[in-house]
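Reviewing the structure listed below.
The values are calculated or read from the model by the stated rules, or taken from the named source; none is laboratory data. These figures come from a predicted structure and were not determined experimentally. Cβ coordinates were reconstructed from backbone atoms using ideal geometry, including for glycine residues, and neighbour counts include every protein chain displayed. Note: accessible area is taken over every heavy atom of the protein model, side chains too, but ligands, DNA and RNA are not part of it. Shrake-Rupley method; radii C 1.70, N 1.55, O 1.52, S 1.80 Å.
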Amino acid sequence: MNQPLLDVQSLSVTYGGRGRRSTSMHALADVSFSVERGKTLAVVGESGSGKSTAARAILRLVEARGGRVLLNGTDILSLDRRELRRRRRDMQIVLQDPYSSLDPSSTVGDSVAEPLRVHRRDLDAAGRRELVASAFERVGLSTHHLGRYPYEFSGGQRQRIAIARAIVIEPELVILDEAVSALDVSTQSQVLNLLRDLQTDMGMTYLFITHDLSVVRNLADDVVVLRSGEIVERGETATVYRDPQHPYTRTLLDAVPLPDPQAQRRRRAQRRRAARGDAGDGQDASPVALSA
Ligand SMILES: Nc1ncnc2c1ncn2[C@@H]1O[C@H](COP(=O)(O)OP(=O)(O)OP(=O)(O)O)[C@@H](O)[C@H]1O
C-alpha cells in the first residue's frame, strides 16, 4: 500500500489545566486517521466535537498532548521552528469565514501573493504576479479584479479568493475547515465543483472538515465521524452513507434535510430496517439522495 500523504496517529489535545484551579478539557483523545495523496478525507461531527482542534493541531497552531502527525513520513510535531516554517508551505487551510484570511485593507491580489512572499523568496514581483494571476484563473475569477478589496466580492467569490490564496504555492495538503458552510446551497455546489476540478487538475489532497454530511457526499472518498473528541465511525463515504453503524452517525445523517418529505420517510424506514439487519426487498440497497 502507498504511504499516506497525511498520517495522524493517536493525536490528543487538552485545553486548559495549567493553573492550580483550572480544569483540563480533552478536546481530542487518541485520534488516528490518514489520507492518501490526491484523495479527500472528510472529518464530520457536531459543533464542539473537536474538528477544528484536529486541524489546528495538524498545523501546530495548538499544541498536541500526544501523538504524531506524519506528512509524507515526517512528523510535523517534532520539527523545530525553522523546519516547521519551511513545511508550513505544504499545508494550507481555508476557513469558513474568508475575512479571517483576507486582510480587508489589502487588495485581493496582494492577499493571494502573501504566501509567495513568505515561502517563495526566489520569485521577483513579476514571477509572483504571474502565479497569482494563474491561481485567480484556476478558481474562475477574472484577473481584472486583482486590484479590488475583499468587501467588493460576494461570499462565494471571497471563498474562491481564499482558495486561490491556499493553492498559489501548490501545497501538498489543503485543510478545508467548514469552507462552504456559510454559503447558500447553489454557491456551495459551485465551490465544491471547483474543489473537485482543482483536485483533478493539480492532484490536491483535502482534509475536509464539516458538521454537514451532505456537503461531502460527492467529494470525500472516506469519512471519519468525530464525537466528543473521539472517532466513533470511519469508512468509505458511500458505505457510511448507505449503512451507518453508529447511532451518532445515523443522527447526523437524519439531520440532513431532504427536499421531498416522502424521501425523508423512506430514509428513516430504511435506517430502521438496516438497524434490524433486514435487507428488505432490495430496492433500498442504493444510497439515499442526501444532497440537493
Ligand atoms: N482555545 C480553547 N480553549 C479551551 N477550550 C477550547 C478551545 N478551543 C476549543 N475548545 C473546546 O474544545 C472542544 C472542541 O472544539 P472544536 O472547536 O475543535 O470543535 P469543532 O468540532 O470544530 O466545533 P465548531 O465547529 O463549533 O468549531 C469544544 O468543547 C470547545 O469548547
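Rounded to the nearest 5, the antiparallel percentage of DSSP beta bridges internal to the chain is 55%. When the Cα positions of GLY16, GLY156, LEU253 are compared along the charge dipole of the chain, GLY16 comes out farthest toward the positive end, with charges on each C-beta of Lys, Arg, Asp and Glu.
ILE209 sits among other residues whose Cβ lies under 10 Å from its own Cβ, and their net charge, with Lys and Arg +1 and Asp and Glu -1, is -1.
Considering only protein heavy atoms and a 1.4 Å probe, what is the carbon-and-sulfur percentage of the accessible area of the chain? Of all accessible area on the chain, carbon and sulfur atoms account for 44 percent. Helical runs assigned H by DSSP (4 residues or longer) give the chain a calculated mean residue ellipticity at 222 nm of -11000 deg cm²/dmol, each run adding -39500 (n - 2.57) before division by the residue total. If I take R0 = 25 Å and measure r between the Cβ atoms of ARG89 and GLU46 in this structure, what FRET efficiency does the formula 1/(1 + (r/R0)^6) give, to the nearest 0.05? With R0 = 25 Å, the Cβ-Cβ based efficiency is 0.15. Normalised by the number of residues in the chain, the average gap of Cα pairs under 8 Å and 6 or more apart makes the relative contact order 22 percent.
Extending 7 Å from the Cα toward the beta-carbon at both LEU123 and SER78 defines two label points whose distance is 3.3 nm. Rounded to the nearest 10 degrees, the inclination of helix 185-202 to the longest alpha-carbon principal axis of the chain is 70 degrees.
Only one residue of ALA166, SER186, ALA220 has its Cα farthest out toward the positive end of the dipole of region 88-240, where Lys and Arg carry +1 and Asp and Glu -1 on Cβ, and that residue is ALA166. Principal axis extents of the C-alpha atoms in region 71-150 (largest first, rounded to whole Å): 43, 30, 23. Each Cα pair under 8 Å and six or more residues apart adds its sequence gap; the mean of these over the residue count of region 70-162 is a relative contact order of 34 percent.
Calculate the FRET efficiency for SER24 and LEU61 from the Cβ-Cβ distance with a Förster distance of 25 Å, rounded to the nearest 0.05.
0.85
For the chain, how big is the tail of P(r) above 30 Å, as a whole percent of Cα pairs? The answer is 36 percent, as a whole percent.
A simple packing score, the average count of other Cβ atoms within 10 Å per residue, orders the peptides 132-145, 216-229 as 216-229, 132-145, with the highest score first.
In this simple spin-label approximation, ARG266 and SER186 carry label points 7 Å from Cα along the Cα→Cβ vector, and these lie 2.6 nm apart. Overall, region 156-218 carries a charge dipole of about 140 debye about its Cα centre when +1 sits on the Cβ of Lys and Arg and -1 on the Cβ of Asp and Glu, all other atoms neutral. Sequence-distant contacts, meaning Cα pairs under 8 Å at least 6 residues apart, place the relative contact order of region 1-76 at 42 percent.
In a fully extended conformation the segment linking GLN3 and SER154 would gain 50.4 nm over its present Cα-Cα distance, using 0.36 nm per residue.
Give me the dipole magnitude in Debye, nearest 20, for the chain about the Cα centre, with unit charges on the beta carbon: positive for Lys and Arg, negative for Asp and Glu. All intermediate terms of the calculation are to be shown ahead of the outcome.
Numbers: 41 positive and 37 negative charges, 154 e Å.
Value, rounded to 20: 740 debye.
Rounded if a/c is under 1.5, else prolate if a/b beats b/c, else oblate: with a ≥ b ≥ c from the C-alpha gyration tensor eigenvalues square-rooted, which is region 1-113? Since a/c reaches 1.5 but b/c is at least a/b, the shape of region 1-113 is classed as oblate.
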